[in-house]
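First the structure, in the form of structure tokens, and then the observations on it.
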Amino acid sequence: PIIFLNLRAYHGAMGGKNATHAHELTHLFTWRYHSHTLREGIADYVALKIFPGAAVGPNDGNDDLARRNIAPEIIEHLGTTKPAPEWVSTDPTRRDDYYFASYRMVKYLIESKDMATFWKLYASENPEIDIKSLYGLDRKEAVQAALGTR
């Protein structure tokens, strides 16, 4: 496999300020998935564990929820098997929020249990249902906890 990075991401990686390369490498090793948001979230989570505070893809590495107002159309995708919406590749603002919310969801899931439990959810064909048996929360409750809206 080959990973192509734009010049900004490449230069940032060389300076330790951009972890897009780690995000993309994570995809190479974890490609089997059923949830696009869990896939993107784990890639950002791993990248930020390796390079804390670095920019990743469209996001600057800031984990501050206070500056975000995650739109309902993003929330409805988190932890589901819905395909990525078309606007993920056409609307930069919603794309940023989609990736950020996906990261926050995965971060919450891993840190509330462990990586082994998360991988079970990641591999699940029905993460919307299996989240309850794995985490004791339904999807909506997990999203609320991940985004700090409880």
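Quick notes on this one:
- Of all residues in segment 119-136, those that are of a type in the set (A, V, I, L, M) have Cβ atoms under 9 Å from Cβ atoms of residues that are assigned to a loop (DSSP other than H, G, I, E, B) and open to solvent by 90 Å² or more (accessible area, probe 1.4 Å), 6 or more apart or on another chain, in ALA123/ARG32; LEU134/LYS113.
- Residue ranges of helices (runs of 4 or more DSSP H) in segment 1-105 with at least 3 members without any contact (Cβ under 8 Å) to a residue 40 or more places away in the chain, under 26 Å from GLU128 (Cα atoms) and of a type outside the set (Lys, Arg): 20-29, 36-50, 72-75
- Every residue from segment 45-94 that is exposed (fewer than 15 other Cβ atoms within 10 Å of the Cβ) and of a type in the set (Phe, Trp, Tyr): TRP87
- Only one of the listed residues (GLY12, GLY16) is open to solvent by less than 50 Å² (accessible area, probe 1.4 Å), over 19 Å from ARG95 (Cα atoms), out of contact with any helix residue (DSSP H, G or I) (no Cβ under 8 Å at 6 or more places or on another chain) and not basic (Lys, Arg). That residue is GLY16.
- Segment 130-150, residues that are of a type outside the set (S, T, N, Q) and not in a helix (DSSP H, G or I): GLY136, LEU137, ASP138, LEU147, GLY148, ARG150
- Scanning segment 100-150 for residues that are modelled with pLDDT under 95 and on the phi > 0 side of the Ramachandran plot returns a single hit, GLY148.
- Every listed requirement among (1) surrounded by 15 or more Cβ atoms within 10 Å (Cβ to Cβ); (2) closer than 24 Å to HIS23 by Cα; (3) in contact (Cβ under 8 Å) with a residue 40 or more places away in the chain is met by LYS113 save one, (3).
- For segment 120-129, a tally of residues being open to solvent by 50 Å² or more (accessible area, probe 1.4 Å) and part of a helix (DSSP H, G or I) returns 3.
- Matching entry among TYR135, TYR108, TYR98 (being over 14 Å from the mean Cα position of the chain (by Cα), farther than 17 Å from TRP31 by Cα and surrounded by 19 or more Cβ atoms within 10 Å (Cβ to Cβ)): TYR135
- Residues of segment 110-119 classified as part of a helix (DSSP H, G or I) and either over 15 Å from ILE42 (Cβ atoms) or of a type in the set (Asp, Glu) (or both), total: 1
- Residue identified as under 14 Å from the mean Cα position of the chain (by Cα) and either at pLDDT 95 or above or of a type outside the set (A, V, I, L, M, F, W, C) (or both) among THR90, THR30: THR30
The values are calculated or read from the model by the stated rules, or taken from the named source; none is laboratory data. This structure is a prediction, so every number in the text was calculated from the model and none was measured. With ideal geometry, Cβ positions are generated from the backbone for all residues, glycine too; neighbour counts draw on all protein chains shown. Protein only, heavy atoms only, side chains kept; ligands, DNA and RNA dropped before computing areas. Shrake-Rupley method; radii C 1.70, N 1.55, O 1.52, S 1.80 Å.
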